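I have placed the structure first, in the form of C-alpha coordinates, so that the comments after it can refer back to it.
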(Lines give C-alpha, C1' and ligand atoms only; values in the text may rest on other atoms or scores of the structure.)
Protein backbone atom coordinates (compact mmCIF):
# COMPACT_ATOMS: atom_id res chain seq x y z
CA UNK A 1 0.00 0.00 0.00
CA UNK A 2 1.24 3.49 -0.88
CA UNK A 3 1.49 5.86 2.10
CA UNK A 4 -0.84 8.85 2.01
CA UNK A 5 0.52 12.20 0.91
CA UNK A 6 0.74 14.39 4.01
CA UNK A 7 1.35 18.08 4.40
CA UNK A 8 4.96 18.17 5.58
CA UNK A 9 4.23 21.13 7.82
CA UNK A 10 1.15 20.02 9.73
CA UNK A 11 0.52 16.39 8.73
CA UNK A 12 -2.87 16.97 7.07
CA UNK A 13 -3.89 14.22 4.61
CA UNK A 14 -3.70 15.84 1.15
CA UNK A 15 -5.22 12.92 -0.73
CA UNK A 16 -7.55 13.95 -3.56
CA UNK A 17 -6.38 17.58 -3.69
CA UNK A 18 -4.81 19.20 -6.75
CA UNK A 19 -1.06 19.68 -6.64
CA UNK A 20 -1.39 23.42 -7.28
CA UNK A 21 -3.70 23.86 -4.28
CA UNK A 22 -2.75 24.66 -0.69
CA UNK A 23 -3.14 22.67 2.49
CA UNK A 24 -6.61 23.36 3.97
CA UNK A 25 -5.16 23.15 7.48
CA UNK A 26 -2.10 25.44 7.37
CA UNK A 27 -2.08 27.03 3.91
CA UNK A 28 1.24 25.52 2.80
CA UNK A 29 1.39 24.93 -0.99
CA UNK A 30 0.89 21.22 -1.67
CA UNK A 31 3.74 21.26 -4.17
CA UNK A 32 6.15 21.78 -1.27
CA UNK A 33 5.08 18.47 0.25
CA UNK A 34 5.77 16.39 -2.84
CA UNK A 35 8.86 14.15 -2.73
CA UNK A 36 10.23 15.89 -5.83
CA UNK A 37 10.52 19.13 -3.81
CA UNK A 38 13.39 17.54 -1.86
CA UNK A 39 16.56 17.93 -3.97
CA UNK A 40 18.73 15.95 -1.57
CA UNK A 41 21.64 16.96 0.64
CA UNK A 42 25.04 17.81 -0.92
CA UNK A 43 26.18 14.26 -0.10
CA UNK A 44 23.08 12.67 -1.61
CA UNK A 45 23.54 14.68 -4.80
CA UNK A 46 27.11 13.40 -5.20
CA UNK A 47 29.29 11.72 -2.54
CA UNK A 48 32.76 13.27 -2.28
CA UNK A 49 35.03 14.75 0.42
CA UNK A 50 33.78 18.20 -0.57
CA UNK A 51 30.10 17.27 -0.30
CA UNK A 52 30.84 15.61 3.07
CA UNK A 53 32.24 18.90 4.36
CA UNK A 54 29.34 20.87 2.88
CA UNK A 55 26.85 18.50 4.51
CA UNK A 56 28.64 18.96 7.85
CA UNK A 57 28.58 22.73 7.42
CA UNK A 58 24.87 22.79 6.61
CA UNK A 59 24.07 20.54 9.58
CA UNK A 60 25.70 23.12 11.86
CA UNK A 61 24.83 26.37 10.09
CA UNK A 62 21.44 25.60 8.50
CA UNK A 63 20.14 22.34 10.04
CA UNK A 64 16.48 22.99 9.18
CA UNK A 65 17.32 23.64 5.53
CA UNK A 66 19.44 20.48 5.43
CA UNK A 67 16.72 18.22 6.81
CA UNK A 68 14.08 19.88 4.63
CA UNK A 69 16.13 18.94 1.57
CA UNK A 70 16.72 15.24 2.40
CA UNK A 71 15.63 12.53 0.00
CA UNK A 72 14.67 9.13 1.33
CA UNK A 73 15.49 6.92 -1.65
CA UNK A 74 19.28 7.11 -1.34
CA UNK A 75 19.85 4.38 1.22
CA UNK A 76 23.30 3.35 -0.02
CA UNK A 77 24.58 6.89 0.04
CA UNK A 78 23.06 7.43 3.48
CA UNK A 79 24.78 4.26 4.70
CA UNK A 80 28.13 5.46 3.32
CA UNK A 81 27.68 8.83 5.04
CA UNK A 82 26.86 7.15 8.34
CA UNK A 83 29.84 4.79 8.10
CA UNK A 84 32.18 7.70 7.46
CA UNK A 85 30.90 9.53 10.53
CA UNK A 86 31.11 6.42 12.70
CA UNK A 87 34.63 5.64 11.44
CA UNK A 88 35.87 9.15 12.27
CA UNK A 89 34.30 8.99 15.73
CA UNK A 90 35.78 5.57 16.55
CA UNK A 91 39.25 6.57 15.30
CA UNK A 92 39.17 9.66 17.50
CA UNK A 93 37.95 7.58 20.45
CA UNK A 94 41.02 5.35 20.06
CA UNK A 95 43.36 8.28 20.79
CA UNK A 96 42.67 8.46 24.55
CA UNK A 97 42.14 4.69 24.78
CA UNK A 98 45.53 3.92 23.23
CA UNK A 99 47.16 6.61 25.35
CA UNK A 100 45.78 4.95 28.44
CA UNK A 101 46.64 1.41 27.28
CA UNK A 102 50.24 2.40 26.54
CA UNK A 103 50.61 4.05 29.94
CA UNK A 104 51.07 7.56 28.60
CA UNK A 105 48.42 9.01 30.94
CA UNK A 106 48.23 8.37 34.63
CA UNK A 107 46.76 10.17 37.58
CA UNK A 108 49.18 12.44 39.44
CA UNK A 109 49.36 13.77 42.99
CA UNK A 110 51.72 16.65 43.65
CA UNK A 111 52.47 18.30 46.98
CA UNK A 112 53.64 21.92 46.90
CA UNK A 113 54.17 23.40 50.29
CA UNK A 114 51.00 23.01 52.38
CA UNK A 115 48.85 22.25 49.34
CA UNK A 116 48.22 18.87 47.68
CA UNK A 117 46.88 18.79 44.14
CA UNK A 118 45.10 15.61 43.03
CA UNK A 119 44.64 15.29 39.30
CA UNK A 120 41.78 13.33 37.86
CA UNK A 121 42.72 9.65 37.84
CA UNK A 122 42.94 8.64 34.22
CA UNK A 123 39.89 10.08 32.50
CA UNK A 124 41.23 8.74 29.19
CA UNK A 125 39.36 5.37 29.22
CA UNK A 126 36.10 7.10 30.16
CA UNK A 127 36.43 9.65 27.33
CA UNK A 128 37.25 6.94 24.79
CA UNK A 129 34.54 4.60 26.04
CA UNK A 130 31.92 7.37 25.99
CA UNK A 131 32.65 8.27 22.37
CA UNK A 132 32.75 4.60 21.35
CA UNK A 133 29.44 4.04 23.15
CA UNK A 134 27.84 6.96 21.29
CA UNK A 135 28.96 5.48 17.97
CA UNK A 136 27.59 2.09 19.00
CA UNK A 137 24.19 3.55 19.94
CA UNK A 138 23.91 5.29 16.57
CA UNK A 139 24.87 2.07 14.77
CA UNK A 140 22.19 0.13 16.68
CA UNK A 141 19.56 2.77 15.87
CA UNK A 142 20.52 2.50 12.20
CA UNK A 143 20.19 -1.29 12.17
CA UNK A 144 16.91 -1.24 14.08
CA UNK A 145 15.23 2.16 13.73
CA UNK A 146 12.74 2.76 16.55
CA UNK A 147 9.20 3.99 15.98
CA UNK A 148 9.83 7.42 17.48
CA UNK A 149 6.91 9.55 18.60
CA UNK A 150 4.36 7.00 17.42
CA UNK A 151 1.79 8.28 19.90
CA UNK A 152 1.95 11.74 18.32
CA UNK A 153 0.95 10.37 14.95
CA UNK A 154 4.23 11.38 13.35
CA UNK A 155 5.35 9.40 10.30
CA UNK A 156 8.95 8.31 10.75
CA UNK A 157 9.64 5.27 8.61
CA UNK A 158 12.94 3.36 8.85
CA UNK A 159 14.15 5.09 5.66
CA UNK A 160 13.49 8.53 7.18
CA UNK A 161 15.10 7.68 10.53
CA UNK A 162 18.20 6.35 8.77
CA UNK A 163 18.53 9.46 6.62
CA UNK A 164 18.35 11.65 9.74
CA UNK A 165 20.97 9.57 11.57
CA UNK A 166 23.25 9.56 8.53
CA UNK A 167 23.17 13.33 8.14
CA UNK A 168 23.81 13.89 11.84
CA UNK A 169 26.85 11.57 11.80
CA UNK A 170 29.39 14.08 10.36
CA UNK A 171 28.64 16.44 13.25
CA UNK A 172 29.08 13.48 15.63
CA UNK A 173 32.64 13.09 14.37
CA UNK A 174 33.15 16.83 14.93
CA UNK A 175 31.82 16.38 18.46
CA UNK A 176 34.37 13.58 19.00
CA UNK A 177 37.13 15.82 17.67
CA UNK A 178 36.17 18.56 20.11
CA UNK A 179 36.11 16.19 23.08
CA UNK A 180 39.47 14.63 22.22
CA UNK A 181 41.01 18.08 21.60
CA UNK A 182 39.74 19.19 25.01
CA UNK A 183 41.21 16.08 26.62
CA UNK A 184 44.59 16.48 24.86
CA UNK A 185 44.77 20.15 25.83
CA UNK A 186 43.95 19.35 29.46
CA UNK A 187 46.58 16.62 29.64
CA UNK A 188 49.21 18.88 28.05
CA UNK A 189 48.49 21.64 30.56
CA UNK A 190 48.58 19.14 33.42
CA UNK A 191 51.99 17.85 32.28
CA UNK A 192 53.25 21.41 32.07
CA UNK A 193 51.96 22.15 35.56
CA UNK A 194 53.65 19.05 36.98
CA UNK A 195 56.98 19.65 35.22
CA UNK A 196 57.10 23.34 36.12
CA UNK A 197 56.01 22.86 39.72
CA UNK A 198 54.17 26.16 39.52
CA UNK A 199 51.57 26.24 42.30
CA UNK A 200 49.16 28.42 40.31
CA UNK A 201 49.36 26.18 37.25
CA UNK A 202 48.90 23.09 39.41
CA UNK A 203 45.80 24.55 40.98
CA UNK A 204 44.32 25.53 37.61
CA UNK A 205 45.03 22.07 36.20
CA UNK A 206 43.48 20.32 39.18
CA UNK A 207 40.38 22.52 38.97
CA UNK A 208 40.07 22.25 35.20
CA UNK A 209 40.35 18.47 34.87
CA UNK A 210 36.85 17.65 36.21
CA UNK A 211 35.31 19.93 33.56
CA UNK A 212 36.13 17.44 30.81
CA UNK A 213 32.99 15.42 31.49
CA UNK A 214 30.46 18.27 31.84
CA UNK A 215 31.73 19.78 28.58
CA UNK A 216 31.50 16.39 26.90
CA UNK A 217 27.94 16.06 28.16
CA UNK A 218 27.08 19.50 26.77
CA UNK A 219 28.46 18.44 23.38
CA UNK A 220 26.34 15.28 23.42
CA UNK A 221 23.22 17.24 24.37
CA UNK A 222 23.81 19.69 21.51
CA UNK A 223 24.20 16.79 19.08
CA UNK A 224 20.99 15.25 20.43
CA UNK A 225 19.24 18.55 19.74
CA UNK A 226 20.42 18.31 16.13
CA UNK A 227 18.75 14.89 15.91
CA UNK A 228 15.60 16.40 17.40
CA UNK A 229 15.60 19.10 14.71
CA UNK A 230 15.85 16.40 12.06
CA UNK A 231 13.02 14.41 13.60
CA UNK A 232 10.71 17.42 13.76
CA UNK A 233 11.51 18.62 10.24
CA UNK A 234 10.93 15.15 8.77
CA UNK A 235 8.06 13.99 10.99
CA UNK A 236 5.56 14.17 8.10
CA UNK A 237 7.99 13.63 5.23
CA UNK A 238 6.73 11.86 2.12
CA UNK A 239 8.83 9.00 0.80
CA UNK A 240 8.81 8.40 -2.99
CA UNK A 241 6.23 5.66 -3.61
CA UNK A 242 8.27 3.77 -6.22
CA UNK A 243 11.85 2.71 -6.84
CA UNK A 244 14.29 5.62 -6.84
CA UNK A 245 15.72 6.86 -10.12
CA UNK A 246 19.27 7.83 -10.70
CA UNK A 247 22.31 7.03 -8.57
CA UNK A 248 21.89 5.43 -5.20
CA UNK A 249 19.78 2.58 -3.98
CA UNK A 250 16.01 2.94 -3.74
CA UNK A 251 14.35 2.24 -0.43
CA UNK A 252 12.71 -1.13 -0.20
CA UNK A 253 8.95 -1.53 -0.17
CA UNK A 254 9.19 -2.52 3.48
CA UNK A 255 11.04 0.68 4.36
CA UNK A 256 8.49 2.82 2.52
CA UNK A 257 5.68 1.56 4.71
CA UNK A 258 5.09 3.39 8.00
CA UNK A 259 5.55 1.49 11.21
CA UNK A 260 2.47 0.24 12.97
CA UNK A 261 0.64 3.03 14.71
CA UNK A 262 2.34 5.81 12.77
CA UNK A 263 -0.92 6.99 11.17
CA UNK A 264 -2.92 7.54 14.31
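The values are calculated or read from the model by the stated rules, or taken from the named source; none is laboratory data. As the structure is a prediction and not an experimental result, all values here were calculated from the model. Because the Cβ atoms are built from the backbone with ideal geometry, glycine has one as well, and the counts that use them run over all protein chains shown.
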Quick one: how many residues across region 74-89 are farther than 13 Å from residue 170 by Cβ and surrounded by fewer than 19 Cβ atoms within 10 Å (Cβ to Cβ)?
2
Residue match in region 4-12 (condition: surrounded by 17 or more Cβ atoms within 10 Å (Cβ to Cβ), at negative phi, within 17 Å of the chain's Cα centre (by Cα) and free of Cβ contacts under 8 Å to residues at least 60 places away in the same chain)
no
Filter region 91-111 down to residues that are more than 21 Å from residue 175 (Cα to Cα) and crowded, with 17+ Cβ neighbours inside 10 Å and give me whichever is modelled with the highest pLDDT.
105
From 31, 20, which residue is more than 30 Å from the chain's Cα centre (by Cα) and over 15 Å from residue 77 (Cβ atoms)?
20
If you go through region 57-73 one residue at a time, how many are without any contact (Cβ under 8 Å) to a residue 60 or more places away in the chain, loosely packed, with under 14 Cβ neighbours inside 10 Å and outside any loop (DSSP other than H, G, I, E, B)?
2
Among the residues in region 37-47, are any over 23 Å from residue 228 (Cα atoms), free of Cβ contacts under 8 Å to residues at least 60 places away in the same chain and part of a helix (DSSP H, G or I)?
yes
Check region 228-236 and report whether any residue there is part of a helix (DSSP H, G or I), over 22 Å from residue 42 (Cα atoms), at pLDDT 80 or above and under 11 Å from the mean Cα position of the chain (by Cα).
no
Taking region 62-90 only, how many residues are out of contact with any helix residue (DSSP H, G or I) (no Cβ under 8 Å at 6 or more places or on another chain) and modelled with pLDDT under 95?
1
Is at least one residue of region 141-155 on the phi < 0 side of the Ramachandran plot, modelled with pLDDT under 90 and surrounded by 21 or more Cβ atoms within 10 Å (Cβ to Cβ)?
yes
